[in-house]
Each structure stands twice: as structure tokens, then as C-alpha cells.
Amino acid sequence: MLTCASHAAIGVFDSGVGGLSIAAAIRQILPHENIIYVADSANAPYGGKPEQVVLQRCQTIVEFLMAQEVKLIVVACNTATLTCIAKLRALYPIEFVGVEPGIKPALNVSQTGTIGVLATHNTIKSQQYQQLVARLKTQNTVLSQACHGLVEKIEAGEFDSSATQMLIKQYVLPLITQGADQIVLGCTHYGFLSRQIRGIAGENAQLVNTSEAIARQTLAVLTRNEMLNSSQQQGQTMLFSSRCNPDFLAVSKLLWPNEIQQAHEFPH
């Protein structure tokens, strides 16, 4: 395994801005760590791409982050984690932390025995997701809902548009009708629509978001490997995007205010 200086940055990447929810959670519990975030916005979402394309993009990003000498890489994308993280671990000598839909914690607290999962098409159709559901559901019911178009709305900063509201209703209401009392946000982007989803689900269901759990796992891995930054200075975040334009920067600043100041071009 690659050994890096403790003051090296944590690498975080996603197909777009969704993983900023993970980066912000990491910042919350690890305020002194530096973060390098890569948004592959020119190729978002990964949820509709062939698996080989997603793997190629992940490899490009991982190699870029390793060139920046990061000490750990967080794959802040459910699709990339489920389809690619095992291959990435086999290919590169660095620690990876991944994300997966919070099906287990949702089932643990469900009163009806029925939960709903909002995710991308590729996440739901992946063999890894299907195995996860089969392993955990036992006598319970897991309703999987592919949410075509939601990632694009978030990437465009359309959080409260009528079109976004219509999509959320289209995806959430059938889950509520079928008795789901827990709604799992199975894509890191969807955390930025928590308020809107709650508004439609009402008192019928609680939301399950794994961002905080991923941040705690990042802390655990750094602690285990004695790689925590000993500096008492506030950590810095560098943002890279494969679609580095003013609109991307504006949405990023909106999603993570007071942290994002500028964005840098990532080769695509």
C-alpha cells in the first residue's frame, strides 16, 4: 500500500457536484484535512453510462489524484462504487472509501418492513446492488426506483423548478403508496434535494442519507493508518471539474457556501 505524508490531501470524486455532500460531511468531522475534489461534470451522470466507460473515467480521475499525492481516495458516487471500486482497489496501491445505498440502516428502523431506494439506473441494475438487496431484505421489501433526469436537474442548479418537483413526485409518491416508510437516497446528488423530497413524502417516510457515515469511515481509515493531519490550521479545498464554467462554479458555491471559491479545469 502506498505511504503518504499525513499532511497530504484527501481525494474525493464523483460524476458531478453530488459528492460535495460527502466532502462537506468530511470537512465537518475533519476540519484540518485538505481536500481535492474532482467533479467529472462533462460526463455526468455515470448512472446511464456503460460500465467500461465509468471504469475508464474512474481510472483517469484516480491517476490524476494520485499524481497530486493524495493519501486516500473517497469514491463519492454510488454507481462508481458499486461497479468499479473492487477493480480500482486491485489496480492502485492506495486506500479507497466507497459509498453504497443505506439499505441496511433503513431496514433496521423501518416499521412497515418496506423501504424505497432512489438511485440511478446503473446503480439499480448493477450486480453488486442486486446482491446487496438480496442479502439484506430477508422478509422485508425493498422498492428500487431509478430516477432518470434528477442528477441533471441538480447539476443545472434546478432545485425548486416545477420540472424537478414533478420528477420527485413521479419517483417518490409510488414508494409511499406501496408502504415505504424509509426513503434511501442512493445517489450522492439526491442529498441536495432532501428538503424537496421531504416536502413530498411528508410524515409518511424518513430519509436515509449515508454522507455522515462515509465521513466517519474516512476518519476511521485515516486513524487506523496513522494518516490524520496533525496541523491545527483549517483545511483547504481545491475543486476541479471537467466542465469548469461559471455555471458549474455557481452551483458548487450554492451547494457548499463559504468553502468553494474557485474551480480548476480537469482534463476530459
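The values are calculated or read from the model by the stated rules, or taken from the named source; none is laboratory data. Just so it is clear, the model here is predicted, and its values are computed rather than measured. Ideal geometry is used to build each Cβ from the backbone, glycine not excepted, and the neighbour counts take in all protein chains shown.
Scan the range 94-131 residue by residue and report those that are surrounded by fewer than 18 Cβ atoms within 10 Å (Cβ to Cβ) and over 21 Å from residue 52 (Cα atoms).
Matches in the range 94-131: 104, 105, 108, 109, 111, 112, 113.
Just the residues that are assigned to a strand (DSSP E or B) and crowded, with 24+ Cβ neighbours inside 10 Å, please, taken from the range 71-81.
Of everything in the range 71-81, those that are assigned to a strand (DSSP E or B) and crowded, with 24+ Cβ neighbours inside 10 Å turn out to be 73, 74, 75.
Going by the conditions given, is residue 120 closer than 29 Å to residue 255 by Cβ, in contact with a Phe, Trp or Tyr (Cβ under 8 Å, 6 or more places away or on another chain) and among the hydroxyl-bearing types (Ser, Thr, Tyr)?
yes
Of the residues in the range 230-268, how many are touching a strand residue (DSSP E or B) at 6+ places or on another chain (Cβ under 9 Å), of a type in the set (S, T, N, Q) and part of a loop (DSSP other than H, G, I, E, B)?
Of the residues in that region, 4 qualify.
Consider the range 82-91. How many of its residues are surrounded by 17 or more Cβ atoms within 10 Å (Cβ to Cβ) and out of contact with any Ser or Thr (no Cβ under 9 Å at 6 or more places or on another chain)?
3
Against the definition (closer than 19 Å to residue 68 by Cβ, surrounded by fewer than 16 Cβ atoms within 10 Å (Cβ to Cβ) and in contact (Cβ under 8 Å) with a residue 40 or more places away in the chain), how does residue 236 come out, yes or no?
yes
Going through the range 15-29 one residue at a time, which ones are touching a Phe, Trp or Tyr at 6+ places or on another chain (Cβ under 8 Å) and either modelled with pLDDT under 95 or not aliphatic (A, V, I, L, M) (or both)?
Result: 15, 18, 19, 21.
Quick one: would you say residue 181 is of a type in the set (Asp, Glu), touching a strand residue (DSSP E or B) at 6+ places or on another chain (Cβ under 8 Å) and surrounded by fewer than 22 Cβ atoms within 10 Å (Cβ to Cβ)?
Yes.
Look at residue 64 and say whether it is out of contact with any strand residue (DSSP E or B) (no Cβ under 8 Å at 6 or more places or on another chain) and either surrounded by fewer than 24 Cβ atoms within 10 Å (Cβ to Cβ) or within 19 Å of residue 51 (Cα to Cα) (or both).
It is false that residue 64 is out of contact with any strand residue (DSSP E or B) (no Cβ under 8 Å at 6 or more places or on another chain) and either surrounded by fewer than 24 Cβ atoms within 10 Å (Cβ to Cβ) or within 19 Å of residue 51 (Cα to Cα) (or both).
Is it the case, given these coordinates, that residue 67 is over 25 Å from residue 122 (Cα atoms) and of a type in the set (A, V, I, L, M, F, W, C)?
Yes: the conditions hold for residue 67.
Of everything in the range 182-231, what is among the small types (Gly, Ala, Ser) and over 26 Å from residue 45 (Cα atoms)? Give them in sequence order.
202, 205, 220, 230, 231, listed by residue number.
Based on what the data block shows, is residue 264 over 30 Å from residue 168 (Cβ atoms) and over 18 Å from the mean Cα position of the chain (by Cα)?
yes
Matching residues to (1) without any contact (Cβ under 8 Å) to a residue 24 or more places away in the chain; (2) basic (Lys, Arg); (3) assigned to a loop (DSSP other than H, G, I, E, B):
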position	(1), (2), (3)
7	no, no, yes
21	no, no, no
56	yes, no, no
59	no, no, no
69	no, no, yes
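Does any residue of the range 96-103 turn out to be among the hydrophobic types (A, V, I, L, M, F, W, C) and farther than 19 Å from residue 15 by Cα?
Yes: one or more hits.
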